[in-house]
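Read through the structure below, which is laid out as C-alpha coordinates, and then see the notes.
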Amino acid sequence: MLENIATAETEVPRKLHIRIVTNLTFWVLIAIIAGILLGSLAPATAVKMEIIGKTFIDIIKLFIAPIIFLTIVLGISGMDDLKKVGRIGVKSLIYFEVVSTISLAAGVLMALLLQPGKIDKSGLQIQNASKYTSRANESFDWLNFFLNNLTLQVLLAAVVIGILLNYSRYRQKAVAGLGKLSKGVFKALKYVMYLAPLGAFGGMAYTIGKFGLHTLVPLAKLMGTVYLTMIVFIFLVLGSILRYYKMSIWKFLKYIREELLLVLGTSSSESALPSIMLKLEKMGCSKSVVGLVVPTGYSFNLDGTSIYLSMSVIFIAQLYDVHLTIGEMLTIIGILMITSKGAAGVTGSGFIVLASTLTAIHKIPVEGLAFLLGVDKFMSEARALTNIIGNGVATIVIAKSEKEFHPEAATAAEYMDAA
(Lines give C-alpha, C1' and ligand atoms only; values in the text may rest on other atoms or scores of the structure.)
Protein backbone atom coordinates (compact mmCIF):
# COMPACT_ATOMS: atom_id res chain seq x y z
CA MET A 1 0.00 0.00 0.00
CA LEU A 2 2.85 2.37 0.87
CA GLU A 3 4.40 1.60 -2.53
CA ASN A 4 1.15 2.55 -4.26
CA ILE A 5 1.00 5.87 -2.40
CA ALA A 6 4.62 6.62 -3.30
CA THR A 7 3.96 5.79 -6.95
CA ALA A 8 0.87 8.03 -7.03
CA GLU A 9 2.84 10.93 -5.49
CA THR A 10 5.63 10.70 -8.08
CA GLU A 11 3.25 10.28 -11.02
CA VAL A 12 1.62 13.72 -10.57
CA PRO A 13 4.79 15.84 -10.98
CA ARG A 14 6.00 13.49 -13.72
CA LYS A 15 2.77 13.95 -15.68
CA LEU A 16 2.96 17.72 -15.12
CA HIS A 17 6.54 17.75 -16.43
CA ILE A 18 5.51 15.78 -19.54
CA ARG A 19 2.54 18.08 -20.13
CA ILE A 20 4.77 21.15 -19.99
CA VAL A 21 7.55 19.91 -22.30
CA THR A 22 5.06 18.58 -24.86
CA ASN A 23 3.03 21.82 -24.90
CA LEU A 24 3.61 24.03 -27.96
CA THR A 25 2.93 27.17 -25.92
CA PHE A 26 5.90 26.36 -23.68
CA TRP A 27 8.30 26.07 -26.62
CA VAL A 28 7.02 29.23 -28.31
CA LEU A 29 7.59 31.13 -25.06
CA ILE A 30 11.11 29.68 -24.75
CA ALA A 31 11.77 30.66 -28.38
CA ILE A 32 10.64 34.26 -27.76
CA ILE A 33 12.95 34.55 -24.73
CA ALA A 34 15.83 33.05 -26.74
CA GLY A 35 15.15 35.53 -29.56
CA ILE A 36 15.24 38.49 -27.16
CA LEU A 37 18.53 37.26 -25.65
CA LEU A 38 20.17 36.70 -29.04
CA GLY A 39 18.99 40.09 -30.29
CA SER A 40 20.41 41.82 -27.21
CA LEU A 41 23.72 39.93 -27.00
CA ALA A 42 24.54 39.34 -30.68
CA PRO A 43 22.57 41.81 -32.85
CA ALA A 44 24.47 41.05 -36.06
CA THR A 45 23.69 37.34 -35.80
CA ALA A 46 20.11 38.00 -34.69
CA VAL A 47 19.34 40.10 -37.79
CA LYS A 48 20.24 37.08 -39.95
CA MET A 49 17.44 35.14 -38.23
CA GLU A 50 14.88 37.19 -40.17
CA ILE A 51 14.78 34.52 -42.87
CA ILE A 52 13.53 31.94 -40.34
CA GLY A 53 10.63 34.10 -39.18
CA LYS A 54 9.69 35.18 -42.71
CA THR A 55 9.83 31.62 -44.06
CA PHE A 56 7.48 30.39 -41.33
CA ILE A 57 4.97 33.18 -42.04
CA ASP A 58 5.22 32.50 -45.79
CA ILE A 59 4.44 28.81 -45.19
CA ILE A 60 1.44 29.72 -43.00
CA LYS A 61 0.20 32.13 -45.70
CA LEU A 62 -0.01 29.18 -48.10
CA PHE A 63 -2.74 27.72 -45.87
CA ILE A 64 -4.80 30.92 -45.50
CA ALA A 65 -6.52 30.91 -48.91
CA PRO A 66 -7.48 27.18 -48.98
CA ILE A 67 -8.68 27.23 -45.36
CA ILE A 68 -10.84 30.33 -45.90
CA PHE A 69 -12.21 28.91 -49.15
CA LEU A 70 -13.00 25.43 -47.78
CA THR A 71 -14.46 26.74 -44.50
CA ILE A 72 -16.81 29.18 -46.24
CA VAL A 73 -17.89 26.85 -49.05
CA LEU A 74 -18.60 24.00 -46.62
CA GLY A 75 -20.33 26.37 -44.20
CA ILE A 76 -22.62 27.99 -46.77
CA SER A 77 -23.39 24.79 -48.69
CA GLY A 78 -24.52 23.26 -45.41
CA MET A 79 -26.89 26.11 -44.53
CA ASP A 80 -30.60 25.66 -45.16
CA ASP A 81 -31.34 29.39 -45.00
CA LEU A 82 -29.18 31.34 -47.46
CA LYS A 83 -30.69 34.61 -46.25
CA LYS A 84 -28.68 34.02 -43.11
CA VAL A 85 -25.44 34.40 -45.12
CA GLY A 86 -26.39 37.95 -46.10
CA ARG A 87 -27.60 38.71 -42.59
CA ILE A 88 -24.32 37.49 -41.06
CA GLY A 89 -22.35 39.62 -43.54
CA VAL A 90 -24.32 42.81 -42.86
CA LYS A 91 -24.34 42.24 -39.11
CA SER A 92 -20.56 41.66 -39.14
CA LEU A 93 -19.84 44.88 -41.04
CA ILE A 94 -22.05 46.90 -38.67
CA TYR A 95 -20.33 45.35 -35.66
CA PHE A 96 -16.89 46.04 -37.17
CA GLU A 97 -17.70 49.70 -37.79
CA VAL A 98 -19.13 50.28 -34.31
CA VAL A 99 -16.25 48.59 -32.45
CA SER A 100 -13.61 50.14 -34.73
CA THR A 101 -15.07 53.59 -34.03
CA ILE A 102 -14.90 52.90 -30.29
CA SER A 103 -11.25 51.85 -30.68
CA LEU A 104 -10.45 55.05 -32.62
CA ALA A 105 -12.10 57.14 -29.90
CA ALA A 106 -10.22 55.19 -27.22
CA GLY A 107 -6.93 56.03 -28.89
CA VAL A 108 -7.75 59.74 -28.99
CA LEU A 109 -9.04 59.87 -25.40
CA MET A 110 -6.06 58.00 -23.90
CA ALA A 111 -3.61 60.17 -25.87
CA LEU A 112 -5.33 63.32 -24.55
CA LEU A 113 -5.31 61.94 -21.01
CA LEU A 114 -1.72 60.63 -20.85
CA GLN A 115 -0.18 63.06 -23.39
CA PRO A 116 2.63 60.84 -24.78
CA GLY A 117 3.72 63.63 -27.14
CA LYS A 118 4.58 66.07 -24.37
CA ILE A 119 8.32 65.30 -24.58
CA ASP A 120 11.44 67.00 -25.97
CA LYS A 121 11.56 66.00 -29.64
CA SER A 122 15.11 67.29 -30.09
CA GLY A 123 16.47 64.07 -28.55
CA LEU A 124 14.41 61.72 -30.71
CA GLN A 125 15.81 59.72 -33.61
CA ILE A 126 14.60 60.97 -36.98
CA GLN A 127 14.04 58.39 -39.72
CA ASN A 128 13.35 58.95 -43.41
CA ALA A 129 9.58 59.00 -43.89
CA SER A 130 9.60 60.36 -47.45
CA LYS A 131 8.35 57.12 -49.05
CA TYR A 132 5.16 57.44 -46.99
CA THR A 133 4.68 61.23 -47.02
CA SER A 134 5.13 61.36 -50.81
CA ARG A 135 1.98 59.21 -51.16
CA ALA A 136 -0.06 61.23 -48.65
CA ASN A 137 -2.16 62.95 -51.30
CA GLU A 138 -3.25 59.71 -52.95
CA SER A 139 -6.95 59.06 -52.49
CA PHE A 140 -8.10 55.75 -51.08
CA ASP A 141 -8.98 53.37 -53.91
CA TRP A 142 -11.41 50.60 -52.95
CA LEU A 143 -10.79 48.72 -56.20
CA ASN A 144 -7.03 48.60 -55.61
CA PHE A 145 -7.68 47.63 -52.01
CA PHE A 146 -9.74 44.65 -53.20
CA LEU A 147 -7.28 43.69 -55.98
CA ASN A 148 -4.37 43.72 -53.52
CA ASN A 149 -6.23 41.79 -50.83
CA LEU A 150 -6.14 38.04 -51.54
CA THR A 151 -8.22 37.29 -48.44
CA LEU A 152 -11.18 39.34 -49.71
CA GLN A 153 -10.89 37.85 -53.20
CA VAL A 154 -10.99 34.29 -51.82
CA LEU A 155 -13.84 35.28 -49.50
CA LEU A 156 -15.97 36.57 -52.39
CA ALA A 157 -15.21 33.54 -54.59
CA ALA A 158 -16.03 31.13 -51.75
CA VAL A 159 -19.35 32.84 -50.98
CA VAL A 160 -20.43 32.67 -54.65
CA ILE A 161 -19.36 29.02 -55.04
CA GLY A 162 -20.96 28.08 -51.70
CA ILE A 163 -24.29 29.58 -52.78
CA LEU A 164 -24.15 27.91 -56.23
CA LEU A 165 -23.24 24.59 -54.62
CA ASN A 166 -26.26 24.91 -52.36
CA TYR A 167 -28.53 24.70 -55.41
CA SER A 168 -26.51 22.03 -57.23
CA ARG A 169 -27.68 18.43 -57.56
CA TYR A 170 -24.06 17.35 -57.00
CA ARG A 171 -24.04 19.09 -53.63
CA GLN A 172 -23.60 15.97 -51.45
CA LYS A 173 -20.72 14.58 -53.53
CA ALA A 174 -18.98 17.95 -53.64
CA VAL A 175 -19.41 18.52 -49.89
CA ALA A 176 -18.04 15.04 -49.13
CA GLY A 177 -15.00 15.65 -51.32
CA LEU A 178 -14.34 19.14 -49.96
CA GLY A 179 -14.78 17.80 -46.43
CA LYS A 180 -12.00 15.25 -46.95
CA LEU A 181 -9.81 17.94 -48.50
CA SER A 182 -10.48 20.24 -45.54
CA LYS A 183 -9.42 17.55 -43.07
CA GLY A 184 -6.24 17.01 -45.07
CA VAL A 185 -5.40 20.73 -45.10
CA PHE A 186 -5.95 21.09 -41.34
CA LYS A 187 -3.88 17.95 -40.69
CA ALA A 188 -1.01 19.42 -42.72
CA LEU A 189 -1.39 22.71 -40.80
CA LYS A 190 -1.11 20.80 -37.53
CA TYR A 191 2.33 19.52 -38.54
CA VAL A 192 3.46 22.92 -39.81
CA MET A 193 2.50 24.48 -36.46
CA TYR A 194 5.23 22.38 -34.83
CA LEU A 195 7.59 24.88 -36.49
CA ALA A 196 5.95 27.78 -34.64
CA PRO A 197 8.78 28.12 -32.06
CA LEU A 198 11.26 28.61 -34.94
CA GLY A 199 9.04 31.31 -36.47
CA ALA A 200 8.67 33.10 -33.13
CA PHE A 201 12.42 32.88 -32.48
CA GLY A 202 13.34 34.27 -35.90
CA GLY A 203 10.84 37.11 -35.72
CA MET A 204 11.77 38.24 -32.22
CA ALA A 205 15.55 37.89 -32.73
CA TYR A 206 15.39 40.03 -35.89
CA THR A 207 13.29 42.75 -34.26
CA ILE A 208 15.53 43.12 -31.20
CA GLY A 209 18.75 42.75 -33.21
CA LYS A 210 17.72 45.23 -35.93
CA PHE A 211 16.16 47.98 -33.84
CA GLY A 212 17.66 47.40 -30.38
CA LEU A 213 16.00 47.82 -27.02
CA HIS A 214 17.85 51.13 -26.51
CA THR A 215 15.69 52.78 -29.19
CA LEU A 216 12.66 52.38 -26.94
CA VAL A 217 13.86 54.80 -24.25
CA PRO A 218 13.12 58.15 -25.99
CA LEU A 219 9.58 57.10 -26.90
CA ALA A 220 8.91 54.90 -23.89
CA LYS A 221 5.98 57.11 -22.88
CA LEU A 222 4.29 56.62 -26.26
CA MET A 223 4.87 52.87 -26.18
CA GLY A 224 3.55 52.62 -22.63
CA THR A 225 0.45 54.60 -23.60
CA VAL A 226 -0.20 52.40 -26.65
CA TYR A 227 0.17 49.15 -24.70
CA LEU A 228 -1.93 50.44 -21.80
CA THR A 229 -4.71 51.55 -24.16
CA MET A 230 -4.72 48.16 -25.90
CA ILE A 231 -4.99 46.39 -22.51
CA VAL A 232 -7.82 48.68 -21.36
CA PHE A 233 -9.65 48.16 -24.67
CA ILE A 234 -9.31 44.36 -24.52
CA PHE A 235 -10.45 43.95 -20.93
CA LEU A 236 -12.93 46.82 -20.65
CA VAL A 237 -14.54 47.02 -24.10
CA LEU A 238 -14.11 43.49 -25.51
CA GLY A 239 -14.41 42.01 -22.02
CA SER A 240 -17.74 43.79 -21.49
CA ILE A 241 -19.03 42.57 -24.85
CA LEU A 242 -18.20 38.96 -23.97
CA ARG A 243 -19.60 39.44 -20.48
CA TYR A 244 -22.94 40.43 -22.06
CA TYR A 245 -22.94 37.04 -23.76
CA LYS A 246 -22.13 35.25 -20.46
CA MET A 247 -18.52 34.58 -21.37
CA SER A 248 -15.16 35.44 -19.83
CA ILE A 249 -12.42 37.35 -21.67
CA TRP A 250 -9.83 35.71 -19.38
CA LYS A 251 -10.94 32.22 -20.33
CA PHE A 252 -11.03 33.14 -24.00
CA LEU A 253 -7.47 34.50 -23.86
CA LYS A 254 -6.33 31.36 -22.07
CA TYR A 255 -7.99 29.24 -24.75
CA ILE A 256 -6.12 31.01 -27.60
CA ARG A 257 -2.82 31.47 -25.71
CA GLU A 258 -0.82 29.53 -28.32
CA GLU A 259 -2.04 31.84 -31.08
CA LEU A 260 -1.32 34.93 -28.95
CA LEU A 261 2.25 33.84 -28.26
CA LEU A 262 2.77 33.09 -31.94
CA VAL A 263 1.51 36.56 -32.88
CA LEU A 264 3.75 38.09 -30.20
CA GLY A 265 6.80 36.33 -31.59
CA THR A 266 6.17 36.96 -35.29
CA SER A 267 4.49 40.42 -35.00
CA SER A 268 1.95 39.16 -37.52
CA SER A 269 -1.70 38.33 -36.85
CA GLU A 270 -1.76 36.44 -40.17
CA SER A 271 0.52 33.77 -38.69
CA ALA A 272 -2.32 32.67 -36.41
CA LEU A 273 -5.27 33.12 -38.80
CA PRO A 274 -5.68 29.45 -39.82
CA SER A 275 -5.34 28.11 -36.28
CA ILE A 276 -7.65 30.74 -34.72
CA MET A 277 -10.35 29.73 -37.21
CA LEU A 278 -9.96 26.10 -36.17
CA LYS A 279 -10.01 27.04 -32.46
CA LEU A 280 -13.21 29.08 -32.85
CA GLU A 281 -14.90 26.17 -34.60
CA LYS A 282 -13.86 23.78 -31.83
CA MET A 283 -15.14 26.27 -29.31
CA GLY A 284 -18.63 26.07 -30.78
CA CYS A 285 -18.90 28.75 -33.48
CA SER A 286 -20.42 27.35 -36.67
CA LYS A 287 -18.21 26.84 -39.72
CA SER A 288 -20.21 29.36 -41.77
CA VAL A 289 -19.86 32.15 -39.17
CA VAL A 290 -16.14 31.51 -38.66
CA GLY A 291 -15.57 31.45 -42.41
CA LEU A 292 -17.41 34.70 -43.04
CA VAL A 293 -16.46 36.77 -39.98
CA VAL A 294 -12.76 36.01 -39.41
CA PRO A 295 -11.43 36.70 -42.95
CA THR A 296 -13.61 39.82 -43.29
CA GLY A 297 -12.48 40.98 -39.86
CA TYR A 298 -8.82 40.74 -40.91
CA SER A 299 -9.56 43.49 -43.44
CA PHE A 300 -12.28 45.55 -41.73
CA ASN A 301 -11.99 44.93 -37.97
CA LEU A 302 -8.51 46.11 -37.01
CA ASP A 303 -9.11 47.34 -33.47
CA GLY A 304 -5.43 47.46 -32.52
CA THR A 305 -4.47 49.27 -35.70
CA SER A 306 -7.29 51.79 -35.19
CA ILE A 307 -6.11 52.59 -31.65
CA TYR A 308 -2.53 53.04 -32.86
CA LEU A 309 -3.49 55.27 -35.81
CA SER A 310 -5.68 57.67 -33.83
CA MET A 311 -3.18 57.82 -30.97
CA SER A 312 -0.30 58.50 -33.39
CA VAL A 313 -2.11 61.50 -34.90
CA ILE A 314 -2.64 63.05 -31.44
CA PHE A 315 0.95 62.16 -30.46
CA ILE A 316 2.38 64.08 -33.44
CA ALA A 317 0.08 67.03 -32.73
CA GLN A 318 1.30 67.14 -29.12
CA LEU A 319 4.92 66.79 -30.27
CA TYR A 320 4.57 69.98 -32.35
CA ASP A 321 2.35 71.76 -29.78
CA VAL A 322 -0.58 71.86 -32.21
CA HIS A 323 -3.88 72.50 -30.44
CA LEU A 324 -6.80 70.56 -31.85
CA THR A 325 -10.42 71.58 -31.36
CA ILE A 326 -13.13 69.03 -30.55
CA GLY A 327 -14.39 69.39 -34.12
CA GLU A 328 -10.93 68.61 -35.53
CA MET A 329 -10.62 65.56 -33.29
CA LEU A 330 -14.00 64.30 -34.51
CA THR A 331 -12.82 64.94 -38.07
CA ILE A 332 -9.71 62.82 -37.40
CA ILE A 333 -11.90 59.96 -36.14
CA GLY A 334 -14.20 60.35 -39.16
CA ILE A 335 -11.33 60.25 -41.66
CA LEU A 336 -9.72 57.25 -39.95
CA MET A 337 -13.05 55.39 -39.93
CA ILE A 338 -12.63 55.18 -43.71
CA THR A 339 -8.86 55.22 -44.31
CA SER A 340 -8.01 52.72 -41.53
CA LYS A 341 -9.74 50.01 -43.58
CA GLY A 342 -6.87 50.32 -46.04
CA ALA A 343 -4.26 49.52 -43.38
CA ALA A 344 -4.61 45.76 -43.84
CA GLY A 345 -2.28 43.38 -45.55
CA VAL A 346 0.32 45.73 -47.07
CA THR A 347 3.56 46.51 -45.21
CA GLY A 348 3.84 50.21 -44.45
CA SER A 349 0.20 50.89 -45.33
CA GLY A 350 -0.44 52.15 -41.79
CA PHE A 351 2.05 54.98 -42.31
CA ILE A 352 0.46 55.87 -45.65
CA VAL A 353 -2.92 56.05 -43.87
CA LEU A 354 -1.37 58.30 -41.21
CA ALA A 355 0.25 60.52 -43.83
CA SER A 356 -3.03 60.94 -45.75
CA THR A 357 -4.90 61.70 -42.49
CA LEU A 358 -2.37 64.36 -41.43
CA THR A 359 -2.48 65.90 -44.90
CA ALA A 360 -6.28 66.08 -44.79
CA ILE A 361 -6.19 67.95 -41.45
CA HIS A 362 -3.82 70.65 -42.88
CA LYS A 363 -2.64 71.50 -39.38
CA ILE A 364 -0.32 68.75 -38.12
CA PRO A 365 3.16 68.45 -39.77
CA VAL A 366 3.25 65.22 -41.78
CA GLU A 367 7.01 65.10 -41.19
CA GLY A 368 6.22 63.98 -37.64
CA LEU A 369 5.91 60.44 -38.98
CA ALA A 370 9.71 60.30 -39.00
CA PHE A 371 9.72 60.09 -35.19
CA LEU A 372 7.44 57.04 -35.17
CA LEU A 373 9.37 54.84 -37.60
CA GLY A 374 12.06 53.88 -35.05
CA VAL A 375 9.69 52.26 -32.56
CA ASP A 376 6.85 51.18 -34.83
CA LYS A 377 8.15 47.61 -35.00
CA PHE A 378 7.95 47.30 -31.21
CA MET A 379 4.33 48.40 -31.23
CA SER A 380 3.29 46.07 -34.03
CA GLU A 381 2.97 43.20 -31.51
CA ALA A 382 0.35 45.14 -29.54
CA ARG A 383 -1.57 45.96 -32.72
CA ALA A 384 -1.50 42.38 -33.99
CA LEU A 385 -2.53 40.91 -30.61
CA THR A 386 -5.46 43.32 -30.25
CA ASN A 387 -6.53 42.68 -33.86
CA ILE A 388 -6.68 38.90 -33.44
CA ILE A 389 -8.46 39.09 -30.06
CA GLY A 390 -10.95 41.57 -31.52
CA ASN A 391 -11.73 39.27 -34.44
CA GLY A 392 -12.13 36.30 -32.12
CA VAL A 393 -14.62 38.22 -29.98
CA ALA A 394 -16.47 39.44 -33.10
CA THR A 395 -16.89 35.85 -34.30
CA ILE A 396 -18.31 34.74 -30.96
CA VAL A 397 -20.70 37.72 -30.86
CA ILE A 398 -22.04 37.07 -34.37
CA ALA A 399 -22.31 33.32 -33.71
CA LYS A 400 -24.18 33.92 -30.45
CA SER A 401 -26.52 36.50 -31.94
CA GLU A 402 -27.33 34.18 -34.86
CA LYS A 403 -27.77 31.17 -32.54
CA GLU A 404 -24.85 29.55 -34.36
CA PHE A 405 -22.82 28.90 -31.19
CA HIS A 406 -23.09 25.27 -30.09
CA PRO A 407 -20.35 24.18 -27.69
CA GLU A 408 -20.38 20.53 -26.73
CA ALA A 409 -21.95 19.91 -23.34
CA ALA A 410 -18.70 18.48 -21.96
CA THR A 411 -16.67 21.58 -22.81
CA ALA A 412 -19.26 24.34 -22.48
CA ALA A 413 -18.34 25.11 -18.87
CA GLU A 414 -14.74 25.75 -19.88
CA TYR A 415 -15.68 28.94 -21.74
CA MET A 416 -18.67 30.13 -19.79
CA ASP A 417 -18.20 32.74 -17.12
CA ALA A 418 -18.70 31.11 -13.75
CA ALA A 419 -20.29 34.31 -12.54
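The values are calculated or read from the model by the stated rules, or taken from the named source; none is laboratory data. What you see is a predicted model, and the numbers here were worked out from it, not measured in a lab. Heads up, the Cβs are rebuilt from the backbone with ideal geometry, glycines too, and the neighbour counts pull from every protein chain shown. The area values use the complete protein model at the heavy-atom level, side chains included, leaving out ligands, DNA and RNA. Shrake-Rupley method; radii C 1.70, N 1.55, O 1.52, S 1.80 Å.
Can you say whether Lys91 is part of a helix (DSSP H, G or I), modelled with pLDDT of 90 or more and under 26 Å from Ala399 (Cα atoms), as far as the supplied structure shows?
Criteria met by Lys91.
Just a yes or no: is a residue in the range 194-213 modelled with pLDDT under 90, within 24 Å of Ile72 (Cβ to Cβ) and over 16 Å from the mean Cα position of the chain (by Cα)?
No.
Within the set of pairs 6 or more residues apart or between chains, which connect a residue that is farther than 17 Å from Met311 by Cβ inside the range 360-373 to a residue that is open to solvent by less than 30 Å² (accessible area, probe 1.4 Å) and among the hydroxyl-bearing types (Ser, Thr, Tyr) with Cβ atoms less than 9 Å apart?
Ala360/Thr339
Identify, from the list Thr296, Thr331, the residue that is in contact with a Phe, Trp or Tyr (Cβ under 8 Å, 6 or more places away or on another chain), among the β-branched types (Val, Ile, Thr) and in a helix (DSSP H, G or I).
Going through Thr296, Thr331 in turn, the sole match is Thr296.
Considering only the range 354-363, how many residues are open to solvent by 10 Å² or more (accessible area, probe 1.4 Å) and either assigned to a helix (DSSP H, G or I) or at negative phi (or both)? Quick ask: steps written out before the conclusion?
Filtering the range 354-363 down to residues open to solvent by 10 Å² or more (accessible area, probe 1.4 Å) leaves 356, 359-363.
With the extra rule that they be either assigned to a helix (DSSP H, G or I) or at negative phi (or both), the set shrinks to 356, 359-361, 363.
Qualifying residue count, the range 354-363: 5.
Using beta carbons and a limit of 7 Å, which pairs, at least six apart or on different chains, have the first residue in the range 209-232 and surrounded by fewer than 19 Cβ atoms within 10 Å (Cβ to Cβ) and the second one of a type in the set (Val, Ile, Thr)?
Listed by first residue and then by second, the contacts come to Lys210/Val47; Thr215/Val375; Leu216/Val375; Lys221/Ile119; Met223/Val375.
Residues in the range 62-80: is at least one open to solvent by 70 Å² or more (accessible area, probe 1.4 Å), among the acidic types (Asp, Glu), modelled with pLDDT under 80 and at negative phi? Give the steps one after another, and end with the answer.
Restricting attention to the range 62-80, the residues satisfying the condition of being open to solvent by 70 Å² or more (accessible area, probe 1.4 Å) are 62, 80.
Checking which are among the acidic types (Asp, Glu) leaves us with 80.
In the following step, the residues that additionally are modelled with pLDDT under 80 were identified as 80.
Checking the rest, the ones that are also at negative phi come to 80.
The answer is yes; a qualifying residue exists.
Taking the range 137-172, which residues are at pLDDT 80 or above and under 28 Å from the mean Cα position of the chain (by Cα)?
Answer for the range 137-172, where residues must be at pLDDT 80 or above and under 28 Å from the mean Cα position of the chain (by Cα): Gln153, Val154, Leu155, Leu156, Ala157, Ala158, Val159, Val160, Ile161, Gly162.
So which helices (runs of 4 or more DSSP H) stay within the range 1-57 end to end and still have 3 or more residues that are at pLDDT below 70 and not aliphatic (A, V, I, L, M)?
2-21
Just give me the residues in the range 178-208 being open to solvent by 80 Å² or more (accessible area, probe 1.4 Å) and free of Cβ contacts under 8 Å to residues at least 12 places away in the same chain, in sequence order. Even if it seems obvious, please write down each step before you answer.
Within the range 178-208, the first condition is being open to solvent by 80 Å² or more (accessible area, probe 1.4 Å), and the residues that meet it are 180-181, 183, 187, 190-191, 194, 198.
Selection gives Lys180, Lys183, Lys187, Lys190, Tyr191.
Considering the range 158-177 alone, what residues qualify as being open to solvent by 40 Å² or more (accessible area, probe 1.4 Å) and in contact (Cβ under 8 Å) with a residue 12 or more places away in the chain?
Ile161, Ile163, Arg171, Val175
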